[in-house]
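Below is one structure, written out as structure tokens; the observations come after it.
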Amino acid sequence: MNTHVQKPKTWARVTRWIHHYRMAAFSLAAGVVIVIAGIVVTILLQESHGTHNPAAQLQESPGTPNPAAQKYYSPLTGEQVADEAATKQAVTAIMIENSPDARPQSGIKDAGVVYEAIAEGGITRFLTLHQQDKPQLIGPVRSLRIYFLDWLAPYNASVAHVGGSADALAEVRNGSYRDIDQFFNADSYWRSADRNAPHNVYTSFEKLDALNHAKGYNGSRFTGFTRMDGKPSEAPTATAITIDFGDDPLYNTTYAYDRTTNTYARSLAGTRHLDREKGQLTPSVVIAMQIDMKLAQPDNGLEDITTTGTGKATIFQNGTAEAVTWHKADRAAQISFTDAAGRDAPLVRGQTWIAAIPNTGGSVSWQ
């Protein structure tokens, strides 16, 4: 009974209070509305910034790796590098001797790509290309041949050498190349006392980087080979490879596939081919590229190698052998390799060794 009586009385009192204190009541109501609105806005802002979400806070924590972080890969080797700047580092090409008096060489194991071809008299020579890996002892450095220029031109690379054939020097000095010939940059090279000339010219990347920087050769933009992750084959078809450049066994090579490392241990003239400082050479990919070769005219003992057009090649990687076709449109164009269906043949990431084998006199076999 009292409850029914109190409600009207209470409501009447509230009504009289509001009527008497109208302005105060309106101010109180407005304040309540503002407080509620402020609470709602704060909640909405927190949702938009994720501050109320523990999972979002964890993702944004400086110490938590971002799973979607950008990855960068060397255009030379296909291997992952630290950042975009590393992909644009200057490439340096170096002519390395391979006569018996030059062995074991230094710095080859750190090369991203190696081209091997006969320089003269059946003696092979190497063109090593470096971008991220920079050995501090490289050599012996020897003279340049024009076909090596054809292979290095697509890399926008500096070329370190000690003179060269007449046609190679005329080409490399025409203003279109980054020529860092020892003839004109003697302070960037030295002669070792433990070997006889001409097998004793060495350099280092401390000196070559300084020389490149002084000449403004601070970056290289180029298209490298298509790359892929390596995976040893469950049914290997080529675990022992033999590449002969001609009749002289001093320059013939073999490669033994190592499934554990997915690399090819290189031997030269029947013994392990060593980098003097870093041990046996073990490229991830070996390519036997068949080329036309003849003596240059006039006959001065030098070779004339056909570097453009197309030809047969065999790619050895993952323990397998794949017959492909090599293509090179002109001096400035990068070599490419296509499979039987005409598709680009990707190469395993890591050091790639490309041997230019004469169609007449040279051979490649495997088992």
Could you work out how much longer the chain between ASN300 and ALA210 gets when fully extended? Use 0.36 nm per residue separation minus the Cα distance between them, nm to one decimal. 28.8 nm
With r as the distance between the Cβ atoms of ASP258 and ASP133 and R0 = 25 Å, compute the FRET efficiency 1/(1 + (r/R0)^6) and round to 0.05. 0.80
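Rank by packing, highest mean first: peptides 285-294, 177-186, with packing defined as the count of other Cβ atoms within 10 Å averaged across residues.
285-294, 177-186
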Expressed in nm to one decimal, what extension gain is obtained for the pair ASP339 and ALA193 from 0.36 nm per residue of sequence separation less their Cα-Cα distance? 47.7 nm
List ARG142, ARG191, ARG266, ordered by accessible area with a 1.4 Å probe, largest first: ARG191, ARG142, ARG266
Output needed: percent of Cα pairs per 10 Å distance bin for the stretch 196-314, bins running from 0 to the one holding the longest distance. 9, 24, 33, 29, 5, 0
Distance in nm between label sites at ALA186 and LYS312, each 7 Å beyond Cα in the beta-carbon direction? 4.9
Just flag the trypsin sites (Lys or Arg not before Pro) in the stretch 309-367 sitting in loop per DSSP whose Cβ has no more than 12 other Cβ atoms within 10 Å. ARG343
Using 7 Å Cα-to-Cβ label points, what is the LYS231/ALA329 separation (nm, one decimal)? 3.3
At 7 Å along the Cα-to-beta-carbon direction for both ASP167 and GLN80, put a label point, then send me their distance in nm to one decimal. 4.5
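The values are calculated or read from the model by the stated rules, or taken from the named source; none is laboratory data. Small disclaimer: the values here were computed from a predicted structure and weren't measured. A quick note on method: Cβ atoms are made from the backbone with ideal geometry, for glycine too, and the neighbour counts reach across all protein chains shown. Areas reflect the complete protein model, heavy atoms only, side chains present, ligands, DNA and RNA absent. Shrake-Rupley method; radii C 1.70, N 1.55, O 1.52, S 1.80 Å.
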